[in-house]
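Encoded as structure tokens, the structure appears first; notes follow it.
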């Protein structure tokens, strides 16, 4: 790394990896943010120890990011990375105080989750024709699991056959921090999964039977494949700009909320650590109610 040898982030990265059990993507984001900050400190202020970093130095870095056109949302992520790092250093005795205590995060506009309308999802599963081959069967099941469970992309590609309990009609999902949650599913999806597993053993030569979803060569699916499938099929039923696996997670949650599901229940199904992360879906429900009111009320 190019920043001062007096400052090390590796113990913190190891902490995120082995104790917090964050995903590789999240860990890389933290590492990139910290390297960028300490590189800036090295270039602008010369070699200094961790205890010498002040709120003024942090603010000057954040200002340079804003001047460079970085969005408030991205700046906030970097602030979060630094706060987590200094919290860790305080705990380990690396610093006596955190310069982040004086840093105020810039306000950002709240973005409502993008989701696919219920009617469009019905068109996807009832009217769109999937090829009658291994890729077609896999693509349809990928879309069905994402929409019926709201699971994350990483949870989907890592889903093992043994996590599916057909008798009780539930799927055990291993989420962030290796936390397990149980998602109830319908008889149709359980039937589709059972049929897929049977076809896997009958149609493919020496397939991977540990992971549920595999490609035509019998190997575990990779994230890029899932992204391509979701984008390709959603493009046939909706005009929304974002077409990703996470959009189907938003769609799952929004449709549940619109149907009257309790916020706490949706929180548990999504595997959120707090209600704050789930409450964003209530905004979509309110917007739906406003739309219904405007269309239906004679004085609206």
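The values are calculated or read from the model by the stated rules, or taken from the named source; none is laboratory data. Computed from a predicted structure; not experimentally measured. Methodologically, a virtual Cβ is constructed for each residue, glycine included, from the backbone with ideal geometry; neighbour enumeration extends over all protein chains shown.
Quick look at the numbers
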read-out: The listed residue being without any contact (Cβ under 8 Å) to a residue 40 or more places away in the chain and touching a helix residue (DSSP H, G or I) at 6+ places or on another chain (Cβ under 7 Å), out of 245, 207; value: 207
read-out: The range 19-33 - residue that is part of a helix (DSSP H, G or I) and in contact with a helix residue (DSSP H, G or I) (Cβ under 6 Å, 6 or more places away or on another chain) and, of those, surrounded by the most Cβ atoms within 10 Å (Cβ to Cβ); value: 30
read-out: Residue count for the range 169-188, restricted to those that are farther than 21 Å from residue 267 by Cα and either surrounded by 15 or more Cβ atoms within 10 Å (Cβ to Cβ) or without any contact (Cβ under 8 Å) to a residue 12 or more places away in the chain (or both); value: 1
read-out: Filter pass, residue 146 being out of contact with any strand residue (DSSP E or B) (no Cβ under 9 Å at 6 or more places or on another chain), crowded, with 19+ Cβ neighbours inside 10 Å, assigned by TED's automatic domain parsing to the domain that holds residue 255 and within 20 Å of residue 25 (Cβ to Cβ); value: yes
read-out: Odd one out for residue 224 among (1) closer than 23 Å to residue 179 by Cβ; (2) at pLDDT 95 or above; (3) loosely packed, with under 14 Cβ neighbours inside 10 Å; value: (1)
read-out: Any hit, the range 193-203, residues being within 28 Å of residue 264 (Cβ to Cβ) and surrounded by 15 or more Cβ atoms within 10 Å (Cβ to Cβ); value: yes
read-out: Pick from the range 34-70, criterion farther than 30 Å from residue 177 by Cβ and not in a helix (DSSP H, G or I), ranking: modelled with the lowest pLDDT; value: 47
read-out: Only listed residue being at pLDDT below 90 and surrounded by 12 or more Cβ atoms within 10 Å (Cβ to Cβ), chosen from 277, 253, 261, 300; value: 277
read-out: Test result for residue 230, within 22 Å of residue 190 (Cα to Cα), buried (at least 16 other Cβ atoms within 10 Å of the Cβ) and over 21 Å from the mean Cα position of the chain (by Cα); value: no
read-out: Qualifying residue in the range 177-186 (condition: assigned by TED's automatic domain parsing to the domain that holds residue 125, out of contact with any strand residue (DSSP E or B) (no Cβ under 9 Å at 6 or more places or on another chain) and more than 26 Å from residue 20 (Cβ to Cβ)); value: yes
read-out: Options 253, 277, 261, 202; residue that is over 17 Å from residue 136 (Cβ atoms), out of contact with any helix residue (DSSP H, G or I) (no Cβ under 8 Å at 6 or more places or on another chain) and either in the same structural domain as residue 157 (by TED's automatic domain parsing) or not in a helix (DSSP H, G or I) (or both); value: 261
